[in-house]
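Enquirer: Below you will find the structure I want to go over with you.
The values are calculated or read from the model by the stated rules, or taken from the named source; none is laboratory data. The structure displayed is predicted, hence computed values, not measured ones. Cβ atoms come from the backbone with ideal geometry, glycine included; neighbour counts cover every protein chain shown.
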Amino acid sequence: MGYGVYVPIYRIRVEEIAKVWNEDAEGIKTSLNIVEKSVQDKDEDAATIAVQAARRAVSHAGIDAREIGAVYVGSESHPYAVKPTATIVKEAIGTGNRVMAADLEFACKAGTAGMQMVMGLIDSNMIKYGMTVGSDTAQGRPGDALEYTAGAGGAAFILGKGGSGNIAEILKTVSFTSDTPDFWRKEGASFPSHGGRFTGEPGYFNHTISATKMLFEETGFKPSDFDYAVFHQPNGRFPTNVAKQLGFTSEQIKNGLITPMIGNTYSGASLIGLAATLDVAMPGQKILVTSFGSGAGSDSFAIEVTENIEARRGSLVPVRDIISKNKTYVDYSIYLKHKKAIKKE
Amino acid sequence: MDVAPASLWRKINTRYNLVGNTCKNCNTSYFPQRVVCRNCGRKSKLEERKFSGNGTIFSFTRIMVPPDAFREDAPYTIGLIKLDEGPMVEGHIIDNCAEIKIGGKVKTVFRRMQTEDKEDLIRYQYKFEPL
Ligand SMILES: [Zn+2]
């Protein structure tokens, strides 16, 4: 029905982080395929980012927010350990009180998990419209490899049986899930831990490939049936490699590959990639989306764009304009202040 | 410092969505809400109204030495904003690298208001962004 993306204006370059740790910036930029990442302002968090994206989605969908019957917010940086982000979002967009709401956490794929939940509620006629949000201010331990990629941003999608309001239809979704300890953070820990080299193959690649192949088997689709493909993008290199392994071309993934410019926005990443793809997709085109969340699982979607998409673009600001216009660079000390790593006691 | 749950809760609609009221009798808008219209007295017909969040900077000042609640935000800017619907509202103007100037246009964004202690509630509300 509609979507909205929000990315904070601050950026830090790979060179600036590499300088602090005396590492090879060019080597990192090449090996991770990343140039710079987004950084939240001092007064931004996963909830404020979710609200900004959600308000844009309501405006794009052109619906009365009181008709939204479910709000799910996926994040691994919810501001409260106990107290939902979803209630803040639902109040800020004005859904009214007759609404189902919950927070979700599944590392980087909670936003697409919310999409599946909303689909189920709509298909069973329990709600008219539902919203899923993926929003994060991702944490990377200073000096860790993740510090080069852990970004901030979010996206919100409104789903519904909209008829003429629909911009795209989800033809099919499947998930591939297993208990894989590739990345984790316990209550009270400020930064996540990960399995180093263990994270790639058994985590990201196995789940992304398995879910996508499962979708192919159950639908009969093959890579050439899709005009675009979006994969979860913890860095710029993983999605490029996984696309190649699955038989997609670099042309198919380039529109949805956003991480090189803003870093990994975790729960926001696949959804921002999908939004950037919908920004340019034409009626009748097909989009494959496969998310990945550590722990681990992948959600795969086959999406077909409807003839309404162009008329509905109207005042929608494309993702690439959101991230390239009005950005400002910070140095490492300001970056730490924005991340609240410096505490005045 | 404490953020009392009851007072925070009562102001959520006002702070999240800039909800004031308008007198249907003389078309004057108020933020925060008033119980009686200044012009109409007993004839006032006040109705809740969610303002667009668009406005113009009437005046502003840069805060270098902040109260404790804003210790992590300094330096920052607060301003008087004349909303398009009429009322004058005080609020923070965020630094988005656009110039902050009198007469400049602004719109609302959703932000954390202050720095709270670890166990306190977070206060979310509108701030203004220069366009
Ligand atoms: Zn009046």
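Enquirer: Here are some conditions: (1) within 16 Å of the ligand (Cβ to nearest atom); (2) more than 14 Å from chain A (Cβ to nearest Cβ). Residue B:59 meets all but one. Which one does it not meet?
Expert: (1)
Enquirer: So residue B:81 clears everything in (1) touching a helix residue (DSSP H, G or I) at 6+ places or on another chain (Cβ under 9 Å); (2) more than 16 Å from the ligand (Cβ to nearest atom) except one condition, right? Which one?
Expert: (1)
Enquirer: Taking the stretch B:40-56 on its own, how many of its residues are within 16 Å of the ligand (Cβ to nearest atom) and in a strand (DSSP E or B)? Outline the logic, then answer.
Expert: Looking only at the stretch B:40-56, we keep the residues that are within 16 Å of the ligand (Cβ to nearest atom), and these are B:40-49.
Now restrict to residues that are in a strand (DSSP E or B): B:41, B:46-49.
Qualifying residue count, the stretch B:40-56: 5.
Enquirer: Taking the stretch B:92-117 as the region of interest, how many residues are more than 10 Å from chain A (Cβ to nearest Cβ), assigned to a loop (DSSP other than H, G, I, E, B) and either free of Cβ contacts under 8 Å to residues at least 24 places away in the same chain or surrounded by 21 or more Cβ atoms within 10 Å (Cβ to Cβ) (or both)?
Expert: 0
Enquirer: For residue B:8, are the conditions met, namely being away from the ligand (no atom under 16 Å from the Cβ), under 12 Å from the mean Cα position of the chain (by Cα) and aliphatic (A, V, I, L, M)? Even if it seems obvious, please write down each step before you answer.
Expert: Values: away from the ligand (no atom under 16 Å from the Cβ): yes; under 12 Å from the mean Cα position of the chain (by Cα): no; aliphatic (A, V, I, L, M): yes.
Judged against the criteria, residue B:8 is not a match.
Enquirer: Out of all the residues in the stretch B:26-39, which are within 15 Å of the ligand (Cβ to nearest atom) and either in the same structural domain as residue B:127 (by TED's automatic domain parsing) or exposed (fewer than 14 other Cβ atoms within 10 Å of the Cβ) (or both)?
Expert: In the first step, residues of the stretch B:26-39 are kept if they are within 15 Å of the ligand (Cβ to nearest atom); the result is B:26-31, B:33-39.
Result: B:26, B:27, B:35, B:36, B:38, B:39.
Enquirer: Restricting attention to the stretch A:66-89, does a residue exist that is small (Gly, Ala, Ser) and at the interface with chain B (Cβ under 10 Å from one of its Cβ atoms)? Let's see the steps before the verdict.
Expert: Step one: of the stretch A:66-89, the residues small (Gly, Ala, Ser) are A:69-70, A:74-75, A:77, A:81, A:86.
Adding the requirement that they be at the interface with chain B (Cβ under 10 Å from one of its Cβ atoms) leaves none.
No, the stretch A:66-89 has no match at all.
Enquirer: Which ones in the stretch A:225-274 are crowded, with 24+ Cβ neighbours inside 10 Å, aromatic (Phe, Trp, Tyr) and not in a helix (DSSP H, G or I)?
Expert: Across the stretch A:225-274, the qualifying residues are A:228, A:231.
Enquirer: When you look at residue A:118, is it assigned to a helix (DSSP H, G or I) and farther than 21 Å from residue B:19 by Cβ, yes or no?
Expert: Numbers: assigned to a helix (DSSP H, G or I): yes; farther than 21 Å from residue B:19 by Cβ: yes.
Yes; evaluated as a whole, the condition is true for this residue.
Enquirer: Let me spell it out: the conditions are (1) of a type outside the set (Phe, Trp, Tyr); (2) assigned to a strand (DSSP E or B); (3) surrounded by fewer than 23 Cβ atoms within 10 Å (Cβ to Cβ), and residue A:314 meets all of them except one. Which number is the exception?
Expert: Exception for residue A:314: condition (2).
Enquirer: Here's another thing I want to ask about it. Output the residues belonging to the stretch B:53-92 that are closer than 27 Å to residue B:38 by Cβ and of a type in the set (Val, Ile, Thr). Outline the logic, then answer.
Expert: As a first pass, look at the stretch B:53-92 and keep what is closer than 27 Å to residue B:38 by Cβ: B:53-61, B:78-92.
The answer is B:56, B:57, B:61, B:78, B:81, B:89.
Enquirer: For the stretch A:38-73, enumerate the residues that are in contact (Cβ under 8 Å) with a residue 40 or more places away in the chain and under 19 Å from residue B:122 (Cα atoms). Quick ask: steps written out before the conclusion?
Expert: So the first thing to find is which residues in the stretch A:38-73 are in contact (Cβ under 8 Å) with a residue 40 or more places away in the chain, and the list is A:38-42, A:44-47, A:49-63, A:67-73.
Within the stretch A:38-73, A:40, A:41, A:42, A:44, A:45, A:46, A:47, A:49, A:50, A:51, A:52, A:73 meet the criteria.
Enquirer: So, one more: Being in contact with a helix residue (DSSP H, G or I) (Cβ under 8 Å, 6 or more places away or on another chain), of a type in the set (A, V, I, L, M, F, W, C) and within 14 Å of another protein chain (Cβ to nearest Cβ) is the filter here; which residues of the stretch A:6-44 pass it?
Expert: Residues satisfying the conditions are A:7, A:39.
Enquirer: Please tell me if residue A:205 is among the hydrophobic types (A, V, I, L, M, F, W, C) and within 23 Å of residue A:305 (Cβ to Cβ). Before you say what the answer is, go through the steps one by one.
Expert: Details: among the hydrophobic types (A, V, I, L, M, F, W, C): yes; within 23 Å of residue A:305 (Cβ to Cβ): no.
Answer is no for this residue.
Enquirer: Moving on. Checking the structure you have, find out if any residue of the stretch B:13-35 is within 14 Å of chain A (Cβ to nearest Cβ), free of Cβ contacts under 8 Å to residues at least 24 places away in the same chain and of a type outside the set (Gly, Ala, Ser).
Expert: At the first step, the residues of the stretch B:13-35 found to be within 14 Å of chain A (Cβ to nearest Cβ) are B:13-19.
Within this subset, residues satisfying the condition of being free of Cβ contacts under 8 Å to residues at least 24 places away in the same chain are B:13-14.
Adding the requirement that they be of a type outside the set (Gly, Ala, Ser) leaves B:13-14.
Yes, the stretch B:13-35 has at least one match.
Enquirer: So, one more: Would you mind stating whether residue B:64 is modelled with pLDDT under 95 and more than 16 Å from the ligand (Cβ to nearest atom)? Outline the logic, then answer.
Expert: Values: modelled with pLDDT under 95: yes; more than 16 Å from the ligand (Cβ to nearest atom): yes.
Yes.
Enquirer: Can residue B:73 be described as more than 16 Å from the ligand (Cβ to nearest atom), among the acidic types (Asp, Glu) and closer than 20 Å to residue A:43 by Cα?
Expert: On the way: more than 16 Å from the ligand (Cβ to nearest atom): yes; among the acidic types (Asp, Glu): yes; closer than 20 Å to residue A:43 by Cα: yes.
Against the criterion (more than 16 Å from the ligand (Cβ to nearest atom), among the acidic types (Asp, Glu) and closer than 20 Å to residue A:43 by Cα), residue B:73 qualifies.
Enquirer: Taking the residues in the stretch A:51-65 that are more than 11 Å from chain B (Cβ to nearest Cβ) and over 14 Å from residue B:16 (Cβ atoms) as candidates, determine which candidate is farthest from the chain's Cα centre (by Cα). If you could, list the steps in order and put the result at the bottom.
Expert: First pass over the stretch A:51-65, keeping only residues more than 11 Å from chain B (Cβ to nearest Cβ): A:56-64.
When the remaining residues are screened for being over 14 Å from residue B:16 (Cβ atoms), the result is A:56-57, A:59-64.
Values: A:56: 15, A:57: 14, A:59: 19, A:60: 18, A:61: 19, A:62: 22, A:63: 23, A:64: 25 Å.
By that ranking, first place goes to A:64.
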